[in-house]
């Protein structure tokens, strides 16, 4: 069960397995991306200001962090253990409308 804080300490409980709102998810992803880019900017400044052995560590951080920031920011809406959207769980008597092997409707 997820909990979320609202204004003035009010706590809201979620008892559903539904996903979070897209606006909340995008906000969190933007924050993660901005934090990563702030760290990259700090690495760029420190690469200019520090002596030689540390300089290369900060340069490596400034080069690698954009990739890491994009991967972390894009990891948002997936759920572990959730079946694929096109796969229909077969139950006795269920009609399967989508064939994931051929990607066509039956």
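The values are calculated or read from the model by the stated rules, or taken from the named source; none is laboratory data. The model shown is predicted, which means the values in this text are computed figures rather than measured ones. Neighbour counts run over all protein chains shown; Cβ positions are idealised from the backbone, glycine included.
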Can residue 33 be described as modelled with pLDDT under 95, under 30 Å from residue 18 (Cβ atoms) and not in a loop (DSSP other than H, G, I, E, B)? yes
Flag for residue 51 being at pLDDT below 90 and more than 13 Å from the chain's Cα centre (by Cα): no
